[in-house]
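Everything on this sheet refers to the single structure shown next.
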Amino acid sequence: MSKLSLRVLICLLLVGYTTPKAFPASPEREMVLTEGTAITVYPLPHKQALYPQAGDIPFTGSLQIRAGSGFERDYTWDGETRSIDLWPRDKRWYGRFGAYYPGPGSHWKSNHGITRGVLEEAQMHFDTVEDAQNWLGSRPYAVYTHDGLVVDFRKNSGAGGTLSVDVWQILIRMQRPATLKGSHDQLISSRKAA
């Protein structure tokens, strides 16, 4: 075995090799919302502020996420709206190729103690419904529909008050799932502005 082959083998063993998921080949970002689309979501009633000792704040009322032009998003909660331009990802990150905003500093005027957003929007690709269900099981705040629209959101008093919102569309081998167990269709509505 040549030195080069041996080095490649060692790298694969150290880094690990996994079979890639069925990702699309498109250079387009894999976003969930199109311009003018708004999602309104209500929190799971039995899963509010699961970790108050860690700063979790109960989420009362609804959260609305509206897609503006490009990567612009408006987030409305507690009667006020805050806006941000998400940053498009340059490469796939943990399987996602959408857009995010890491929430540097206190970038918003306070809305009931929340001054920053940690935000993401992307498609989530899985090989099987079971894989998707296991992934959803690790997200205690996630509200999702039977066909895989997911909004995982919470408020926390840390870092000056943080709103964390992740919007995902689950795809099973490039298709929306027919049904996901434990879905909460009654807590999410989506509409396209006229």
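The values are calculated or read from the model by the stated rules, or taken from the named source; none is laboratory data. Since this is a predicted model, take the numbers as computed values, not measurements. Cβ placement follows ideal geometry from the backbone for every residue including glycine, while neighbour counts extend to all protein chains displayed.
Just a few scattered comments:
- Whenever a residue of the stretch 138-157 is touching a residue at least 40 places away in the same chain (Cβ under 8 Å), its partners that are assigned to a loop (DSSP other than H, G, I, E, B) and among the polar types (S, T, N, Q), lying with C-beta atoms within less than 7 angstrom and at least six residues away or across chains, give the pairs Y144/S183; T145/S183.
- Of all residues making up the stretch 174-192, the number that are in a loop (DSSP other than H, G, I, E, B) and surrounded by 14 or more Cβ atoms within 10 Å (Cβ to Cβ): 5
- Of all residues in the stretch 33-63, exactly one satisfies the criterion of being in contact (Cβ under 8 Å) with a residue 60 or more places away in the chain, among the β-branched types (V, I, T) and assigned to a loop (DSSP other than H, G, I, E, B), namely T34.
- Residues that are in a strand (DSSP E or B) and in contact with a helix residue (DSSP H, G or I) (Cβ under 8 Å, 6 or more places away or on another chain) were ranked within the stretch 142-166; the one that is farthest from G105 (Cα to Cα) is Y144.
- Single residue of D90, D74 found to be modelled with pLDDT of 95 or more and closer than 21 Å to L33 by Cβ: D74
- Residues (within 26 Å of L180 (Cβ to Cβ) and in contact (Cβ under 8 Å) with a residue 12 or more places away in the chain) located in the stretch 102-130: V118, L119, E120, E121, A122, Q123, M124, H125, F126, D127, T128, V129
- Filtered by the rule that a residue be of a type in the set (G, A, S) and touching a strand residue (DSSP E or B) at 6+ places or on another chain (Cβ under 7 Å), the stretch 137-162 gives A142, G148, S157, A159, G160, G161.
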